[in-house]
2 protein chains.
Amino acid sequence: MDVLDAIRARRSVRRYKPTPIPEEALARILDAVRLAPSAKNLQPWRFILVRDPALRARVAVACVNQTFMAEAPVIIAACGLPEQAYGRMGRCMNSWPVDVTIAFEHLVLQAQVEGLGTCWIGAFYEEEVKALLGVPAEARVLALTPLGYPAESPAARPRKPLAEIVSKDRF
Amino acid sequence: MDVLDAIRARRSVRRYKPTPIPEEALARILDAVRLAPSAKNLQPWRFILVRDPALRARVAVACVNQTFMAEAPVIIAACGLPEQAYGRMGRCMNSWPVDVTIAFEHLVLQAQVEGLGTCWIGAFYEEEVKALLGVPAEARVLALTPLGYPAESPAARPRKPLAEIVSKDRF
C-alpha cells in the first residue's frame, strides 16, 4: 500500500475484533518501528507488547478508562529513554518525544498496510501505566495504542485547509 | 511506493541538487502533512517553506552552520503551537512535539516516495530561526529539513536488534 494511501485511509479505531494478529504482519510492523530515524541515531525507545488479557484490561483502565483498548489482542506501550536521547534539539529540548513519535507513527502506518487498526492514546496516567508494566523510573511513556482488526469503519475527520498550515518564507 | 519500502529506503541526505521540485510532488507531500493525526485533532502546526536563496543560506547558518541545507531548493521549518495543542498527554505533557513530529514524518516518507531527499535537523538555534522566519513568541520550532533531489546515496545506518527494543508484557 502506497504511503499516501495509508495516510489517507488511517483512522483512530475504537472498536476491535479479538482475531489474533499474524506473526508475519507483526514482524513487518516492528521492523517499521526498528528502522525509524532518531536524533543522532540513538534509538532511545522500548515498545512493550501487552497480550496478557488481565493486564490489557488494567492498562485500559489506566488510560482513563478507555476500556475499548482491551478488545484488541495487543496493546502497545511506547516508552522513551531520555538519558539515552539527544539532549539539545533546538539547543534546549530532549529529543525523546520526537524520536519515539517517529517510530510510533511508522507502527501506525504499517499497521494500516496490514489491515490492522490503531489509535494514538495520549490520555493515560503515566505513573499507573509504568507501575503495571514495570517501566523503570528513568523511562517515560509517550503514548499507547491498541493493535487489532477493526470492528468499525470511522469516517474521516476534518482537517484544516493548506492555507492555514503552510506559509512561504515567513510564518 | 509501499510504506515499508519507503521506510527502508529513507536516508538522511546531506547533499542536494538545485533541481526544482515539481508542484504536484510538493502538493502530495503537503497533503501527507495536512492529513496527519494529532491529539484531539487540534492540528497545532505551521510548516514554513523557505525558497528565497538568501534566507535559506541564513537559516542554514542558524542550524549550527549546516550549510548543505541551503543546497536544496526548499528548506522546511516545522513549527508547533503549544497553546493550540492538547496540554495533558500522560496527564502532564503538552502534545505539540508529538503532533508536529507525526506530520513531519509524513512529509519525510512522502518525499521518499517522490524521489526527494530530506534530513531531520534537530541542531539549530531556535531563537535565531524564529527571528529569521518571523515566528511569533508563542510558537515553537520543532525541526527543519532541506527538501530536494539527493546528490548522494548514503548507506543505511545500523539499528538495534528487535530484542533490545521490544518486550512482552513488561518493560
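The values are calculated or read from the model by the stated rules, or taken from the named source; none is laboratory data. Just so it is clear, the model here is predicted, and its values are computed rather than measured. Using ideal geometry, Cβ is built from the backbone for each residue, glycine included, and neighbour counts are taken over all protein chains shown. We work out accessible area using only protein heavy atoms, side chains counted, and drop any ligands, DNA or RNA first. Shrake-Rupley method; radii C 1.70, N 1.55, O 1.52, S 1.80 Å.
Annotations
- Within segment B:58-76, the set of residues being away from chain A (no Cβ under 13 Å) and over 14 Å from B:Tyr16 (Cα atoms) comprises B:Val61, B:Asn65.
- Residue within segment A:89-112 that is modelled with pLDDT under 95 and among the basic types (Lys, Arg) present: yes
- Among the residues of segment B:1-56, those identified as among the β-branched types (Val, Ile, Thr) and out of contact with any helix residue (DSSP H, G or I) (no Cβ under 8 Å at 6 or more places or on another chain) are B:Val13, B:Thr19, B:Ile21.
- Residue under evaluation B:Cys92, criteria (1) under 14 Å from B:Val50 (Cβ atoms); (2) at the interface with chain A (Cβ under 9 Å from one of its Cβ atoms); (3) open to solvent by 10 Å² or more (accessible area, probe 1.4 Å), criterion not met: (1)
- Single unsatisfied condition, B:Leu133 versus (1) over 24 Å from A:Trp96 (Cβ atoms); (2) crowded, with 22+ Cβ neighbours inside 10 Å; (3) out of contact with any Phe, Trp or Tyr (no Cβ under 7 Å at 6 or more places or on another chain); (4) at the interface with chain A (Cβ under 10 Å from one of its Cβ atoms): (3)
Here is a yes/no grid of residues against (1) within 27 Å of B:Phe124 (Cα to Cα); (2) surrounded by 22 or more Cβ atoms within 10 Å (Cβ to Cβ); (3) within 7 Å of chain B (Cβ to nearest Cβ); (4) touching a residue at least 12 places away in the same chain (Cβ under 8 Å):
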position	(1), (2), (3), (4)
A:Met1	no, no, yes, yes
A:Ile7	no, yes, yes, yes
A:Lys17	no, no, no, yes
A:Arg28	no, no, yes, yes
A:Leu42	yes, no, no, yes
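- Residues (open to solvent by 60 Å² or more (accessible area, probe 1.4 Å) and small (Gly, Ala, Ser)) located in segment A:49-62: A:Ala54
- For segment B:72-85, the criterion of being surrounded by 23 or more Cβ atoms within 10 Å (Cβ to Cβ) and over 21 Å from A:Cys92 (Cα atoms) is met by at least one residue.
- Qualifying residue in segment A:45-55 (condition: more than 9 Å from chain B (Cβ to nearest Cβ) and without any contact (Cβ under 8 Å) to a residue 24 or more places away in the chain): yes
- Qualifying residues in segment A:106-126 (those that are within 10 Å of the chain's Cα centre (by Cα) and closer than 23 Å to A:Val64 by Cβ) - the one nearest to the other protein chains (Cβ to nearest Cβ): A:Gly122
- The set of residues from segment B:136-171 being within 9 Å of chain A (Cβ to nearest Cβ) and of a type in the set (D, E, K, R) comprises B:Arg140, B:Arg157, B:Arg159, B:Lys160, B:Glu164, B:Lys168, B:Asp169, B:Arg170.
- Yes/no for A:Val108 being among the aliphatic types (A, V, I, L, M) and under 28 Å from A:Ala27 (Cβ atoms): yes
- If you filter segment B:136-158 down to residues that are closer than 24 Å to B:Val100 by Cα and out of contact with any strand residue (DSSP E or B) (no Cβ under 8 Å at 6 or more places or on another chain), you find that the one that is least open to solvent (accessible area, probe 1.4 Å) is B:Pro136.
- Check on A:Arg46, open to solvent by 30 Å² or more (accessible area, probe 1.4 Å) and at pLDDT below 95: no
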